[in-house]
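The values are calculated or read from the model by the stated rules, or taken from the named source; none is laboratory data. Small disclaimer: the values here were computed from a predicted structure and weren't measured. So basically every Cβ, Gly included, is an ideal-geometry build from the backbone, and we count neighbours across all protein chains shown. Note: areas computed on protein heavy atoms with side chains; ligands, DNA, RNA excluded. Shrake-Rupley method; radii C 1.70, N 1.55, O 1.52, S 1.80 Å.
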Amino acid sequence: MGLFNMWTFIFTIINLLVLYYILKKLLFKPVTQFLENRENKIKSSLEEAEKERQEAYNLKAKYEEILQNADNERKAIIERAQKFAEDKANKIIDDANKEAKAILDRAKEEATLEKIKAMHDLRVELSQLVIDAASRVLEKKLPIDDEDIINEVIEEAGASWRK
């Protein structure tokens with residue numbers, strides 16, 4: 001017997017084949033399947049991450065658009081408010097100018113009326129003074145009929161005085 005025995009060699013080969021078959025069924029297949037599953041999970045995770053990244057990018061673009069629209073709307077509101085304020089200020093100024101003009105017109109009318117009243121009062125006083133002066137000169141009271149003549153003289157004097 002030597003170092004090399006044929007039957008031992010054959011049984012060792014058979015044992016190796018059986019062990020390989022058992023390991024293939026029990027170990028290699030589950031490990032290979034586990035690795036394939038792991039690889040598929042990683043791929044799906046990467047795909048999902050890419051999909052979520054794309055969704056996030058889309059949401060970011062959408063929010064930036066919303067922010068831009070809000071900014072534009074804010075600017076439009078401010079412009080409308082400024083226009084409204086300017087229109088309101090102009091209306092207030094116009095109303096104030098109209099009221100001031102109306103006050104000036106009323107004041108002019110009142111001044112004219114006061115002037116007419118003062119002239120009338122002056123005429124009445126002047127006619128009374130003229131009558132009193134004439135009465136003193138004549139030392140008698142004039143009859144009522146002569147007052148028409150005096151008023152005529154005063155009217156003529158008033159016409160020349162107004163010039």
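A few notes on this one:
- Test result for Lys98, at pLDDT 95 or above, surrounded by 10 or more Cβ atoms within 10 Å (Cβ to Cβ) and in a helix (DSSP H, G or I): no
Conditions tested, residue by residue: (1) of a type in the set (Asp, Glu); (2) assigned to a helix (DSSP H, G or I); (3) open to solvent by 80 Å² or more (accessible area, probe 1.4 Å).
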site: Thr8; (1), (2), (3): no, yes, no
site: Leu17; (1), (2), (3): no, yes, yes
site: Val31; (1), (2), (3): no, yes, no
site: Arg38; (1), (2), (3): no, yes, yes
site: Asn58; (1), (2), (3): no, yes, yes
site: Glu64; (1), (2), (3): yes, yes, yes
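- Matching residues in the stretch 11-59 - criterion: being of a type in the set (Ser, Thr, Tyr) and within 60 Å of the chain's Cα centre (by Cα): Ser44, Ser45, Tyr57
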